[in-house]
1. Could you give every pair whose Cβ atoms fall below 8 Å, whose first residue belongs to the stretch 56-67 and is without any contact (Cβ under 8 Å) to a residue 40 or more places away in the chain, and whose second residue is in a loop (DSSP other than H, G, I, E, B), counting only separations of at least 6 or pairs across chains?
2. Residues in the stretch 67-82: is at least one surrounded by 12 or more Cβ atoms within 10 Å (Cβ to Cβ), modelled with pLDDT under 95 and in contact with a helix residue (DSSP H, G or I) (Cβ under 9 Å, 6 or more places away or on another chain)?
3. Restricting attention to the stretch 20-36, and to residues there that are surrounded by 15 or more Cβ atoms within 10 Å (Cβ to Cβ) and out of contact with any helix residue (DSSP H, G or I) (no Cβ under 6 Å at 6 or more places or on another chain), which single residue is modelled with the lowest pLDDT?
4. I want to confirm something. Restricting to the stretch 49-62 and keeping residues that are assigned to a loop (DSSP other than H, G, I, E, B) and within 18 Å of residue 95 (Cα to Cα), which single residue is nearest to the chain's Cα centre (by Cα)?
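The values are calculated or read from the model by the stated rules, or taken from the named source; none is laboratory data. Note that the coordinates shown come from a computational prediction; the quantities given were computed from them, not determined experimentally. No Cβ is skipped: glycine too gets one built from the backbone with ideal geometry, and neighbour counts run over all protein chains shown.
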């Protein structure tokens, strides 16, 4: 059984006025006892075409394992974006799905 991986794009607005483009994708894992692949959270990555991606010393990618007993893809992906911001010490004003 294969699970289709989903990708979302986000706008991360910071308190200092910067807006950073972030992409998230499902974090896939496999059961040890069978050949099944399942979604176990999300991975957030600064978009390669955002100028911040070329800044030295920043964390470009961060993962967040599934949050809670009842999975919700949007919650997992947004949590990964927030975790990426925290890893870089950014003060977040808002996190929105990009159009």
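1. 58/88; 59/88
2. Yes; the residues of the stretch 67-82 include at least one that is surrounded by 12 or more Cβ atoms within 10 Å (Cβ to Cβ), modelled with pLDDT under 95 and in contact with a helix residue (DSSP H, G or I) (Cβ under 9 Å, 6 or more places away or on another chain).
3. For the stretch 20-36, the residue satisfying everything is 29.
4. So the residue we want is 60.
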